[in-house]
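The values are calculated or read from the model by the stated rules, or taken from the named source; none is laboratory data. All values derive from a computational prediction rather than experimental measurement. Positions of Cβ are backbone-derived with ideal geometry, glycine not excepted, and every protein chain shown enters the neighbour counts. Note: accessible area is taken over every heavy atom of the protein model, side chains too, but ligands, DNA and RNA are not part of it. Shrake-Rupley method; radii C 1.70, N 1.55, O 1.52, S 1.80 Å.
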Amino acid sequence: MDDASEFSSPLSGVKVLELSHVQAGPICGMMLADMGAEVVKIESSAGDLFRVPMEGANFYNFNRNKRAIALDLKAEAGVQIALKLAGEADVLVENFLPGALDKLGLGYEAIRARNPGIIYASISGFGLSGPFRNRPAFEPILQAMSGIMDATGDADRAPARVRPAMIDYCTGASTAFAIAAVLVRKAKTGRGERIDVALLDIALYAMSPYVTHYKRKGKLFPRSGSAHPATAPNQNFETQDGYICIAAGADHMWRALCKALGIENLGADPRFATQPMRAKNALEIGEIVNRETRKHAGRALEEKLLAAGVPCGKVRSVAEIVDEPHVQGRGLMEDIEYPSRGRFTTLKTPIVLSGKTAPMRRRAPVLGEDTREVLLGQGYSAAQIDELIAAGVAIEHQG
């Protein structure tokens, strides 16, 4: 583990109560925790849904640096514990369906009545208002509904899913940004806030150039595989041993690419001389460039084009990129030992402050691992905690 004393921890002293599961909410809480906030995560007795898939890979990455308490929030005693924790928190992050926490007595108004300065951040699929507000949502559903899936893949095949949960990532980061912004204001005024972040809003924001283009022109770009629909060459090309992505949209980049590939005459060809003309003739450009790139090995071509000032990158697998010296040197990967599971490699929040990445103060918790510690901190006696555990209101990990 890194030395936590060397990291500036700008959110040190901020208390966060997290009632979230799966991905967007936990990512937000993890980012706040990595920046130094004290985050307590409340789980049900079943635990976060993402404790199981991929041997817990999602959970281990997005729940580092948190303490976890497992409670039955359908029991009044469990709600009272949550209310007590919320009463001392600066921030509450939740990603339940709108209204679900209100029914439990943990909605915004109930928390604000106890803690007027609370920053209450709600993450949901479709937001707190509108006809879609009560619909459940997961990442692929939002990709499907937002236009992202319709725009992804090859024109002659079905719409494709983007494998990483990019909407969840962006939603978690956007919510953390909103919380940080309100914390700055709260330091001046003491005023809290109700934050509403919707995955569909985030997905549409990511698609904003295509929304603007459609609203202006009334036309949709067809799916174009790895190619950009409006600039060329900007796509994957074949090599002797795989693929290379080349993004040479600017005029000078196009000429540099032609020179590097030995087709200098095309650099001045009027059919391809300007960006609009290259976009118009993108298919022909793709065929010409592809014939040339197939003559080279990927790594060698990458080096050659970069030396010529052409933006490019060999298409790498996860197995290839994690072994790159550059990635190793950035210090984002970290090995952890998880009880009964063994060693896992996880990644930190990708933010470097004064040359330091966020330290691992705590690995992701086992279900109920910190239940007793958190309750003791809230003033419950050992006997009271034993009673809560015996009644099933609180769950304690048996290590």
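Given axes a ≥ b ≥ c from the Cα gyration tensor, I'd like to know whether segment 221-310 is rounded (a/c under 1.5), prolate (a/b larger than b/c) or oblate.
Oblate, since a/c reaches 1.5 and b/c is not below a/b.
Can you give me the solvent accessible area of residue 108 with a 1.4 Å probe, rounded to the nearest 10 Å²?
We get 30 Å² for residue 108.
Once both labels are modelled 7 Å past Cα along the beta-carbon direction, what's the residue 158-residue 303 spacing in nm?
Calculated label separation equals 4.3 nm.
Would you work out which of 276, 126, 298 lies farthest towards the positive end of the dipole of the chain, given +1 charges on the beta-carbon of Lys and Arg and -1 on that of Asp and Glu, about the Cα centre?
Value: 276.
Please report how far the C-alpha centroid of segment 42-89 lies from that of segment 331-373, rounded to the nearest whole angstrom.
Between the Cα centre of segment 42-89 and that of segment 331-373, the gap is 17 Å.
State, to one decimal in nm, how far the label point of residue 327 lies from the label point of residue 277, with both points 7 Å from Cα in the Cβ direction.
4.0 nm
With +1 on each Lys and Arg Cβ and -1 on each Asp and Glu Cβ, and nothing else charged, work out how big the dipole of segment 253-399 is about its Cα centre, in Debye to the nearest 20.
So the magnitude is around 940 debye.
Please compute the per residue accessible area over segment 260-333 with all protein chains in place, 1.4 Å probe, rounded to a whole number of Å².
Value returned for segment 260-333: 58 Å² of accessible area per residue.
Would you kindly find the accessible area of residue 303, with a 1.4 Å probe and non-protein molecules such as ligands, DNA and RNA excluded, rounding to the nearest 10 Å²?
130 Å²
Among 172, 77, 50, whose Cα lies farthest out toward the positive end of the dipole of the chain, if unit charges sit on the beta carbon of Lys, Arg (+1) and Asp, Glu (-1)?
Most positive-ward Cα: 172.
Could you please state how large a percent of the accessible area of the chain is carbon and sulfur, counting protein chains only and using a 1.4 Å probe? Please list the in-between numbers first.
Details: 11100 of 20050 Å².
Accessible surface attributable to carbon and sulfur in the chain totals 55 percent.
Go ahead and estimate [θ] at 222 nm for the chain from helices alone: -39,500 (n - 2.57) per DSSP H run with n ≥ 4, summed, over the residue count, rounded to 500.
Helices in the chain give a 222 nm mean residue ellipticity of -11000 deg cm²/dmol.
Which ³J(HN,Hα) values in Hz, rounded to whole numbers, follow from the phi angles of segment 316-326 under the Karplus curve 6.51 cos²θ - 1.76 cosθ + 1.60, where θ = phi - 60° and Gly and Pro get x?
Calculated HN-Hα couplings, in order: 10, 8, 4, 4, 7, 5, 5, 8, 5, x, 4 Hz.
For residue 320 and residue 169, what is the calculated FRET efficiency with R₀ set at 22 Å and r taken between the beta-carbons, to the nearest 0.05?
0.55
Using θ = phi - 60° and the Karplus curve 6.51 cos²θ - 1.76 cosθ + 1.60, what whole-Hz ³J(HN,Hα) does each residue of segment 167-184 get, with Gly and Pro shown as x?
Computed from phi, the couplings for segment 167-184 are 5, 4, 4, 5, 5, x, 5, 5, 5, 4, 5, 4, 4, 4, 5, 5, 4, 4 Hz.
Under a plain spin-label model, where a point goes 7 Å from the Cα along Cα-to-Cβ, how far apart in nm are residue 133 and residue 88?
A separation of 3.3 nm, rounded to one decimal place.
Give the accessible area for residue 356 in Å² (nearest 10); use a 1.4 Å probe, count only protein heavy atoms, and leave out ligands, DNA and RNA.
Approximately 80 Å² for this residue.
Starting from the residue with the highest accessible area, list 326, 296 in decreasing order, probe 1.4 Å.
326, 296
Taking the Cα centre of the chain as origin and charging only Cβ (+1 Lys, Arg; -1 Asp, Glu), how large is the dipole, in debye to the nearest 20?
In debye, rounded to 20, the chain gives about 1300.
Would you mind working out the magnitude of the charge dipole of segment 1-129 relative to its Cα centre, with +1 at each Lys and Arg C-beta and -1 at each Asp and Glu C-beta, to the nearest 20 Debye?
340 debye
For segment 266-399, just say rounded, prolate or oblate: build the C-alpha gyration tensor, square-root its eigenvalues into a ≥ b ≥ c, call rounded for a/c under 1.5, and beyond that prolate if a/b exceeds b/c, oblate if not.
prolate
What ranking of 163, 278, 135 comes out by heavy-atom accessible area, probe 1.4 Å, highest first?
The residues order as 163, 135, 278, largest area first.
Students sometimes get this wrong: rank 150, 34 by accessible area, probe 1.4 Å, all chains present, largest first.
150, 34
Kirkwood hydrodynamic radius, computed over distinct alpha-carbon pairs, for the chain: how many Å, to one decimal? Numbers along the way, then the final one.
Working: mean 1/r = 0.0417 Å⁻¹.
Value: 24.0 Å, from the Cα pair sum.
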